[in-house]
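Okay, structure first, notes after.
A short reminder: the numbers here are calculations on the coordinates, not readings from a lab. Just so we're clear, the structure is a prediction, and the values are computed from it rather than from any experiment. Glycine also receives a Cβ, built like all others from the backbone with ideal geometry; neighbour counts cover every protein chain displayed.
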Amino acid sequence: MMMQRHREPEARQEDADKPRPECAKAPKRDTRKHFALLAGPLVFLFAGLLACFFAPGSAQAQQLVVTEAWVRATVSGQTATGAFMKLTAQAPLALVAVRSAISPRAELHEMRHENDVMTMRRVERLPLKRSETTLLAPGGLHIMLMELAAPLRAGDVVELTLVVEDENARRTEYPLRATVRALDAPQP
Amino acid sequence: MKHAFLCLCFLLLTACEAQTPGVSRPAGEKPLFLGTEVTDPAFSPDFRLKDAEGRTHALADWHGKVVMLFFGYASCPDICPTTLFRAAQVMKLLGDDAKRVQTLFVTLDPMRDTPDVLREYTRIFHPDFLGLYTTQEETPRLARAFRLFFRINPGETPQSYTVDHGVNTYLYDPGGKLRLLIPHESPPEALATDIRTLLR
């Protein structure tokens, strides 16, 4: 089958205060395929239904587990801030893009602190090793949400979508929710 | 030749003495400060910077106070808020002595850090913190005067650039002399100790 873009169920978020993914949001498959290839989507649909019954038990649905997602609050007029989280891949993956309705420009950045100088660089592609947890945390890798139109207040919830590529260059989107923490909150 | 060498040693020694008036100590004695001493008559930058209300400030405005100064920008994802957070902790640790300390946050990004952003951003951490800025043209010169690393990394759009910069905190004594450089990793307790020493 051709490389197929589809939407996976929500990334599993393990924050205590967050609900588990709902089955109602389970796979929206792209079925713009020839009739002869219908069998493929049918199998996927069946797998999707199974995923619904056993969620979050399906391997497909859990390729990426996102925990402790948060965003730093901003003040009025401030146009950029950082988003932080823990990413655990269940298969070799790569984070290739980030999207958010609140930011027309969401990028993965890496901050370095060497010789008393702070530098920041864009990271186009972040490999995620199987069974390893990658930290997007203050002082290192983080998602920069830029060109923000409105301030983010502590307690707000920001919706983000991580675009992840597997070894076969198949892209999957993981929507997730991140809580906004106060600008002057201590580093977690 | 031997004489010349001894002469040179003597000159070097006196030069060192001259650079650290009043703070030179015999080798092996416990240092006075936890931060790095930079007391040097040739390196004690003053400035003329504006606050969010448009008032121009120079070091002399805080004569009799310790000035705790650092550079940054509001869109900085973690180093700058951490530095401001630490400064707020230092104020708490100092108790009554905090009244004799002025914290200054100088933006390296006057284009995005408008006076309103600067005012709200600094006050979130502490009501007495003051955000200062100069023009975009003047900012690189200001950084040079502080021997501060500063570089703008252009982004894909005019608004999406990032700023690389030095993260040390500068501590001035109540007489307006630059005395200490404090690294980013230094804990608030160490800063509070050094500030108390400077206030003595």
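Below, the figures for the structure above:
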read-out: 10 °C / 1.306 mPa s Stokes-Einstein diffusion coefficient of segment B:115-200, Kirkwood radius on C-alpha pairs, µm²/s; value: 103
read-out: Once the Cα gyration tensor of chain B is diagonalised, semi-axes √(5λ) in Å; value: 33, 21, 15
read-out: Considering only chain B, percent of DSSP beta bridges that pair antiparallel, nearest 5; value: 65
read-out: Computed [θ] at 222 nm, deg cm²/dmol, chain B (DSSP H ≥ 4; -39,500 (n - 2.57); rounded to nearest 500); value: -10000 deg cm²/dmol
read-out: Net charge contributed by nearby residues that have their C-beta within less than 12 Å of B:A87 (K/R +1, D/E -1); value: 0
read-out: Inter-chain shielding of B:154-164 (mean C-beta neighbours from other protein chains, 10 Å cut-off); value: 5
read-out: Kirkwood hydrodynamic radius over Cα pairs of segment B:35-136, then Stokes diffusion coefficient at 20 °C and 1.002 mPa s, in µm²/s; value: 150
read-out: Within a Gaussian network of chain B (alpha carbon springs, distance under 10 Å), most fluctuating of B:A42, B:A98, B:A88; value: B:A42
read-out: Among B:K50, B:K30, B:K92: highest mean-square fluctuation, GNM of chain B, C-alpha pairs under 10 Å; value: B:K30
read-out: Local electrostatic count at B:P115 - Lys and Arg +1, Asp and Glu -1, tallied over other residues with Cβ under 14 Å; value: -1
read-out: Diffusion constant of segment A:119-159 at 25 °C, which comes from Stokes-Einstein with the Kirkwood Cα-pair radius and 0.890 mPa s, µm²/s; value: 186
